[in-house]
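> Structure below; questions to follow.
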Amino acid sequence: MAVKTHCPYCALQCGMEIGAGLAITPRTDVPANASGALCQKGWTAGELLTNGTRLTTPLLHGEAVAWDVALDYVADRLSAIRAEHGPDAVAVFGGGGLTNEKAYALGKFARVALGTSQIDYNGRFCMSSAAAASIRAFGMDRGMPFPVTDLAEADVVLLAGGNVAETMPPFVRHLEDARLIVIDPRRTQTARRAWLHLQPTPGTDLALALGLLHLAIADDLVDEEYVAARTTGFDDVRTSASAWWPERVERVTGVPVHRMRQAVRALAAAGNAYVLTGRGAEQHAKGTDTVTAFINLALALGLPGTQGSGYGCLTGQGNGQGGREHGQKADQLPGYRKIDDPAAREHVAGVWGIPADDLPGPGRSAYELLDALGRPDGPRALLLFGSNPIVSAPDSERVAARIGDLDLLVACDIVMSETAVLADVVLPVTQWAEETGTMTNLEGRVLLRRRAVAPPPQVRSDLDVIAGLAARLGHRFASDPAEVFDELRRASAGGPADYSGITYERIAAGPGVFWPCPQDGHPGTPRPFLDAFATPDGRARFVAVQHRPPAEEPDDDYPVYLSTGRVLAQYQSGAQTRRIAPLVEAAPEPYVELHPDLAARLDIAPGDVVRVSSRRGETKVVARISDSIRRDTVFMPFHWEGANRLTNPALDPTSRMPEFKVCAVRVERIS
Ligand code: SF4
């Protein structure tokens, strides 16, 4: 019989059924893709389960061993490293694709069984700046704080730095009736569908948002009644935006004033309008301030927390939302609580049965953690779950060198990723349709992925791995997903992301449950800000921000901007999708995209192999020529090793998001 579940990939979490022969059929009872749409990745997801390159047995220094041998070895080495160097000598790195249960168990494992503060996850690289901006403005981050189906009623949608036509195609169905305004340095597939495309210089989105706000104020488009009733802090923002007059913004961004005016007037005139941000606006060393500037614009126009309008962040990874709620983030405890909040520590420690004083404090953020590995004051051992930082981290050669200095690397994965290859111990784990667990999609809707097929005999769930290691370190951890979820519910109770009223049965009975859902029988909260924001006074907070240049600008040595992003047929570090034949056929290799004028200047023809280099490293790729990109910018997809050898690890001071989206490079023809 066909089993109802959800896609293994992105945060839209399209519904699908797995039938006989692993045939995939779209579900129409899941609002995200009720149209029956899936993208190429979803249609081919069954092939992941039977892929010939699956890991099927534990490996110790490359040799197949029994599970007990592998887990005994890891536990003994962890104990020895902790005894010699202290608990923070052991680090844990999680992933935004892990189920809520795994994210929760991993955070508890790090803090209780290992006693380390050194845990973070790859979601830090994804939308942490938007999360920080939402918490700053609204008191809470729930990604898109409204059902995705609300977008169908929108008259205008401003999409800053998101290419949904390639990253999550079924999402586009929800935008079909809206005038779409896209902000992107490239004329992406999404920008081609737009009513208006604003094509700023990379790294200047913040200035553009300030310019749009300036125009809204100058042209008397501010919703003064909303601002007075539902917000605080507008006077400071009004003052700071006054310095960003349109002609100045045009000089900084390259976007003509009349286009900016067109955009802001359309937004203000719309009955229903949304401002959405994606990685293009967020993955910057000023990402939190950039998203804040777009939230300020949305607040000035009276959008957030109203029926039919709003602001939302387009979370990327499958459980990017849930992954940041349950404690695998360096600064958080389950329920999306701050780890330095005494009341949160008391509550969670109580659920975990330990004194609150025994809970470690906040640890290093993802890049800082990776960059500390093997250093005298850094971790000596790293446990990696569902992440491939050799491909996905910025300045990745530096990260590879740090990983090479570790005393112990343990990788739990489904395939031999570029990072798992370096591991002392590789533990083969179950994947999406082989296990039951919950995922929280980009709307904050908690969904149930059901087990549909048995895993290969020697493959175990990450929850089994965590429980097995915890037992060897003297702690009892549940490994049954339902039991773990039950504990997660109790740990999250009273926090912003309160799951206490959510059960597997309730999720299964309908199209999922929105958090917060604070008690049994509570209907869930699809639109949490309709009555009040989650701030102490219930008002949204304007926060004054100023534009600043990228951490690195082009110069004589590295004369063009590099921007990175995704393509339709690949996903994240490509560890999964680069093994699926139809996806490889559709997107076989990395490339660099150049404007024809830049290509002519560099004597580069389509198909030439070129060297792309930055101050941090270099890579060789094939050149593609396209007039969809600015003349001063080149683009590379990041699904293959290489693009992130070039990217800049400059960090956003608030969220610790690296500057993936802009750095300076040189491109040279080598054949
Ligand atoms: Fe899967 Fe995302 Fe594609 Fe939907 S859009 S099928 S969730 S990868």
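The values are calculated or read from the model by the stated rules, or taken from the named source; none is laboratory data. Keep in mind the model is a prediction, meaning the values are calculated, not measured. Positions of Cβ are generated from backbone atoms using ideal geometry, with glycine treated the same way; all protein chains shown enter the neighbour counts. Side chains are part of the model used for accessible areas, which takes the heavy atoms of the whole protein and leaves out ligands, DNA and RNA. Shrake-Rupley method; radii C 1.70, N 1.55, O 1.52, S 1.80 Å.
> Taking just the alpha-carbon atoms of the stretch 353-474, what radius of gyration and Dmax come out, in angstrom?
16.6, 46
> Principal axis lengths of the stretch 446-548 from Cα atoms, whole Å, largest first?
Sorted largest first, the three principal extents are 54, 41, 28 Å.
> At a probe radius of 1.4 Å, what is the per-residue accessible area of residue 585, in Å² to the nearest 10?
150 Å²
> What ranking do 246-253, 150-157 get when scored by the average of other Cβ atoms within 10 Å per residue, highest first?
Averaged packing, sorted descending, gives the order 150-157, 246-253.
> Using only the Cα atoms of the stretch 195-239, construct the convex hull and provide its projected area averaged over every direction, in square nanometres to one decimal.
Hull-based average projected area comes out at 4.4 nm².
> Report the label-to-label distance for residue 23 and residue 670 in nanometres (one decimal), using points 7 Å from each Cα along the Cα→Cβ vector.
Taking the simple label geometry, residue 23 and residue 670 are separated by 4.8 nm.
> Taking just the alpha-carbon atoms of the stretch 282-441, what radius of gyration and Dmax come out, in angstrom?
According to the Cα coordinates of the stretch 282-441, Rg and Dmax are 18.9, 55 Å.
> Something else about it: The stretch 45-105: D in µm²/s via Stokes-Einstein (Kirkwood Rh, Cα pairs, 37 °C, 0.692 mPa s)?
226 µm²/s
> Ignoring ligands and nucleic acids, what accessible area does residue 48 show with a 1.4 Å probe (Å², nearest 10)?
0 Å²
> Please work out the Kirkwood hydrodynamic radius for the chain, using every pair of different C-alpha atoms, and report it in angstroms with one decimal place.
The Cα-based Kirkwood calculation yields 25.0 Å.
> Could you give the distance between the Cα centres of the stretch 137-206 and the stretch 292-324, to the whole Å?
Going from one Cα centre to the other spans 11 Å.
> Taking 7 Å along the Cα-to-C-beta vector as the label spot, tell me the residue 532-residue 259 distance in nanometres, rounded to one decimal.
Spacing of the two 7 Å Cα→Cβ label points: 4.3 nm.
> Given a 1.4 Å probe and the protein chains all in place, what does the accessible area of residue 504 round to, in Å² to the nearest 10?
Rounded to the nearest 10, the figure is 30 Å².
> So, one more: Per DSSP H run of at least 4 residues, take -39500 (n - 2.57); add these up for the chain, divide by its residues and hand me the 222 nm value, nearest 500 deg cm²/dmol.
-8500 deg cm²/dmol
> Pop out the Kirkwood hydrodynamic radius of the stretch 334-420 from its pairwise C-alpha distances, inverse of mean 1/r, in Å to one decimal.
Answer for the stretch 334-420: a Kirkwood hydrodynamic radius of 14.8 Å.
> Filter the cross-link list 329/620; 41/108; 286/338; 102/620; 4/286 down to pairs whose alpha-carbon distance in this structure exceeds 30 Å.
Checking Cα-Cα distances, 329/620; 41/108; 102/620; 4/286 exceed 30 Å.
> Give, as a single signed number, the net charge of other residues whose beta carbon lies under 15 Å from the beta carbon of residue 610, with Lys and Arg counted +1 and Asp and Glu -1.
So the surrounding residues net to +1.
> Whole number please: convex hull volume per residue, Cα atoms of the stretch 96-220, in Å³.
It comes to 156 Å³ per residue, whole-number rounded.
> Then there's this: 5 Å is the cut-off here: which amide hydrogens, built 1.01 Å from N in the peptide plane, fall below it relative to residue 498, excluding neighbours closer than 5 in sequence?
Placed amide hydrogens put 517 under 5 Å from residue 498.
> Also: Averaged per residue, what accessible surface does the stretch 539-671 expose to a 1.4 Å probe, in Å²?
I get 38 Å² per residue for this part.
> Then there's this: If you take the C-alpha gyration tensor of the stretch 596-671, multiply each eigenvalue by 5 and take the square root, what semi-axes do you get, largest first, in whole Å?
Over the Cα atoms of the stretch 596-671, the ellipsoid semi-axes are 24, 13, 10 Å.
> A further question on this structure: Quick one: which of 235-241, 337-343 comes out on top by average Cβ neighbours within 10 Å, and what's the full order, highest first?
Averaged packing, sorted descending, gives the order 235-241, 337-343.
> Take the alpha-carbon positions of the stretch 536-671, form their convex hull, and give its projected area averaged over all directions (one quarter of the hull surface) in nm².
With every direction weighted equally, the projected area is 11.3 nm².
> In what sequence, largest accessible area first, do 522, 61 appear using a 1.4 Å probe?
If we order 522, 61 from most to least accessible, we get 61, 522.
> Work out the FRET efficiency for residue 68 and residue 193 from their Cβ-Cβ distance, taking R0 = 56 Å, and round it to the nearest 0.05.
0.55
> Taking a virtual spin label 7 Å from the Cα of residue 405 along the C-beta vector, which residues in the stretch 639-666 bring their backbone nitrogen under 13 Å of it?
Backbone N within reach: none found.
> Provide the descending list of Cα extents for the stretch 208-303 along its principal axes, expressed in whole angstroms.
Principal extents (Cα only, largest first): 33, 27, 26 Å.
> For an R0 of 35 angstrom, estimate the FRET efficiency from the Cβ-Cβ distance between residue 220 and residue 546 and round to the nearest 0.05.
Using R0 = 35 Å, I get an efficiency of 0.90.
> Then there's this: Taking all protein chains in place and a 1.4 Å probe, what share, in percent, of the accessible surface of the chain do carbon and sulfur account for?
Of the solvent-accessible surface of the chain, carbon and sulfur hold 48 percent.
> Would any residue of the stretch 46-62 have its amide N under 14 Å from a label point 7 Å out along Cα→Cβ of residue 458? List them or say none.
53-62
> Please give the length that would be gained between residue 76 and residue 338 if that part of the chain were fully extended, namely 0.36 nm times their separation in residues minus their C-alpha to C-alpha distance (nm, one decimal).
91.1 nm
> Note down, for the stretch 358-397, the three equivalent ellipsoid semi-axes (square root of 5 times each alpha carbon gyration tensor eigenvalue), biggest first, whole angstrom.
Square roots of five times the eigenvalues give 19, 13, 10 Å.
> Next question, about the same structure. If you average 1/r across every pair of different Cα atoms in the stretch 251-377 and take the reciprocal, what Kirkwood value do you get, in Å?
Mean inverse Cα-Cα distance, inverted, gives 18.1 Å.
> So, in nm, how far is label residue 83 from label residue 152 when the simple model puts each one 7 Å beyond its Cα toward the Cβ?
6.3 nm
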